[in-house]
Every structure is written in structure tokens, then in C-alpha cells.
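Enquirer: Dropping a structure here in C-alpha cells format, bear with me for questions.
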Amino acid sequence: LGFIEQTYRSAADAVVEAYSDSSDPPELGDATPDLLVDAADNLLEILRKLEPNHNLLEQPVSAPTFLTKDLHTLGDYGIQLMTDLALWAQALHLSEPLSEFRIATFALTWWIAQHGGELSRLEPVVDTLAFVANTIKTPHELERLFAAVSEIMESVSPAIAQDLDQSNLGRPWRILVLNRAIIATRSHQPALMEQAFQNLGELLPDDAPSFFREGMEQMDALNYPDHVRKVMEKHYQLWCTPKTLH
């Protein structure tokens, strides 16, 4: 939570200052940056009380009730606040604060997942994940990102994870599952690839053939190492090779 507060604070101060100094500020509704920042400050203060070292969690009766009842609502509210502040940063042409709000949004989502919250607003999460993933290069960082996305996926609302309406190819759940598989591939870790590819086949069977066909094309285009290529080829053969009767 300290990382979230530090990242958010730097961006929040910049947005509030730019808004107050602007002679012709953009109009994004009644929730101005100062109001959003006040709300976010109050929310982070509440979340701080949920940290393991705070007395709230030492109260055996009231703490679990508070956590299970309110963390889902608090999480959705926090993600919305960070998303709204990111829109202000974009409207004020503040590229660095925009990046910081995106990182804070993803970090807050991960925090919610780690603390047992349920996630039902995936659009901002998917948008920020794409940004975060593009800023990460090393296998170690990608492995850590994969772990974060895995925890987030496990915390997604069952109503969303059931993926009953598959008519929208841009639905956030689909993008999240696919991006996790891409992150695993970029990590060059066969164990992560096996896990992600297995999940992809189970959760998005209609998307698996095209994913592995494109994956094999990327193996050649980006000159992936042999141990990565072998895992991709294994799943390509499983999903894309015509089955014959013997």
C-alpha cells in the first residue's frame, strides 16, 4: 500500500496544481481533481487500516465482517477514482502523472486481490495492464507481473469469469486471459507458459487455435530461444494440427 500511496501522491499533486494553474481547464464533469484527490486520500486511509499490522485485523469479530462486506465496494471505488484522475492527467497533457495513475491503478487492483477482495470492474485493469506490461522487459519482472495477474484473475467476480456472453471479442475477461499468456511467453519461463496455455485452452477454447498459430509466427519473427519455442510448438500441435484416425 505504501507503493500505491507514493505513486499516486506524486501524480495527484501534479494534476491538482496543473488544474488550478490553468486559465482554461478542461471540463470532465463535476468531479474536479481536488475533489477526486480528497476522496482518494480518504479511501487510502481506510485501506491502510486493513493492512496486517493494523489493530483492525486483530479484532476477531468485527474485522472479518468488515473485510468481506466492504472490500469489494472499496476496491471498485478506488479503481474508479484512479481511472478518473488518469483521465484528468490525460486532459491536462501530463504524461508522467498519467503513467503514475495507471501504475497505481494496477497496484491497487493487485492489493485488493491479495486481501481477498472481489473484482468486478475489469476494463480499467486491462487498460493499465497493457501499459504496465509494455514498460517491463526483464524475465524476473515479467515473472512477478505474471504472478500479479494470476492473483487478479483468481479474484475476478464469478459472474465475469464464467464468460457466458462471448459475443464481444473485446470483453475484458478475454483480454486478461490472453495477455496473461503473452506475459508468460515473454518471460521465457516454460513452467509459466504451460500454466498459462493450459488455462487459455480451458477458459477460451475458441481463441486457442489462433493464439497458438500467431504464437508460432512470433517464435520466428522475434527469434525466441529453443526452450520457449518447444512449449509453443507443443500447444500449437495440440490445438492446430488436424487430428487423424488410425
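The values are calculated or read from the model by the stated rules, or taken from the named source; none is laboratory data. Please read these numbers as outputs of a predicted model, since none were measured by experiment. Heads up, the Cβs are rebuilt from the backbone with ideal geometry, glycines too, and the neighbour counts pull from every protein chain shown. Keep in mind that these areas ignore ligands, DNA and RNA; they rest on the heavy atoms of the full protein, side chains included. Shrake-Rupley method; radii C 1.70, N 1.55, O 1.52, S 1.80 Å.
Enquirer: Output the relative contact order of region 150-231, whole-number percent, from Cα pairs under 8 angstrom with separation of 6+ residues. Provide the component values of the computation, followed by the final result.
Expert: On the way: 38 pairs, mean separation 21.7, N = 82.
This gives 26 percent for region 150-231.
Enquirer: Let me ask you something else. Round to the nearest 10 and give me the degree value, 0 to 90, for the angle of helix 2-21's Cα axis relative to the longest principal axis of the chain.
Expert: 60
Enquirer: Just to confirm, what accessible area per residue do you get for the chain at 1.4 Å probe, in whole Å²?
Expert: 54
Enquirer: On a full-extension model of 0.36 nm per residue, what is the gain between Leu28 and Asn42, subtracting their alpha-carbon distance, rounded to one decimal in nm?
Expert: Between Leu28 and Asn42, full extension yields an extra 2.9 nm.
Enquirer: Hey, another quick one. Of Ser167, Ser155, which has the most accessible area and how do the rest follow, probe 1.4 Å?
Expert: Most to least solvent-accessible, the answer reads Ser167, Ser155.
Enquirer: Determine, for each peptide in 170-180, 83-93, 21-31, the mean count of other beta carbons within 10 angstrom over its residues, then list the peptides with the highest first.
Expert: Going by the mean number of other Cβ atoms within 10 Å, highest first, we get 83-93, 170-180, 21-31.
Enquirer: Also, I was wondering about something else. What is region 79-166 by shape, rounded, prolate or oblate, if you read a ≥ b ≥ c off the alpha carbon gyration tensor as root eigenvalues and call it rounded for a/c under 1.5, prolate for a/b larger than b/c, and oblate otherwise?
Expert: Taking the square roots of the gyration eigenvalues as a ≥ b ≥ c, region 79-166 is oblate.
Enquirer: Per 10 Å bin, what percent of the C-alpha pairs of the chain does each bin hold, from zero upward?
Expert: 7, 27, 29, 22, 11, 3, 1, 0
Enquirer: Let me ask something else about it. Eigenvalues of the Cα gyration tensor times 5, then square-rooted: what semi-axes does that give for region 66-123, in whole angstrom, largest first?
Expert: Each semi-axis is the square root of five times an eigenvalue, giving 24, 10, 7 Å.
Enquirer: Give me the three principal axis extents of region 116-246 from the C-alpha atoms, as integers in angstrom, largest value leading.
Expert: Principal axes ranked by extent give 47, 38, 22 Å for the Cα atoms.
Enquirer: Same structure, new question: When the helices in the chain are scored as -39500 (n - 2.57) per DSSP H run of 4 or longer and the sum is shared across all residues, what 222 nm value do you end up with, to the nearest 500 deg cm²/dmol?
Expert: -24000 deg cm²/dmol
Enquirer: If you don't mind, there's one more thing I want to ask. What number comes out for the charge environment of Asp206, summing +1 per Lys or Arg and -1 per Asp or Glu over other residues with Cβ under 11 Å away?
Expert: Working: positive: Arg174; negative: Asp163, Asp207.
Value of the local net charge: -1.
Enquirer: Go through region 161-170 residue by residue and turn each phi into a ³J(HN,Hα) via Karplus (6.51, -1.76, 1.60, θ = phi - 60°); whole Hz please, and just put x for glycine and proline.
Expert: Residue by residue, region 161-170 yields 5, 5, 6, 6, 9, 9, 6, 9, 5, x Hz.
Enquirer: Could you look at region 173-246 and say what percent of its accessible area is carbon and sulfur, using a 1.4 Å probe and all protein chains? Don't jump to the answer; show the numbers that get you there.
Expert: Working: 2220 of 4120 Å².
Ligands and nucleic acids excluded, carbon and sulfur reach 54 percent.
Enquirer: Can you tally the net charge around Ile182? Count Lys and Arg as +1, Asp and Glu as -1, for every other residue whose Cβ sits under 15 Å from the Cβ of Ile182.
Expert: Net charge around Ile182: -1.
Enquirer: Computing the accessible area with a 1.4 Å probe over protein heavy atoms, can you report the carbon and sulfur percentage for region 111-162? Mind dumping the intermediate values first?
Expert: Numbers: 1230 of 2460 Å².
Accessible surface attributable to carbon and sulfur in region 111-162 totals 50 percent.
Enquirer: Using a 1.4 angstrom probe on heavy atoms only, work out the carbon and sulfur share of the accessible area of region 1-53 in %.
Expert: Values: 1450 of 3050 Å².
Of the solvent-accessible surface of region 1-53, carbon and sulfur hold 47 percent.
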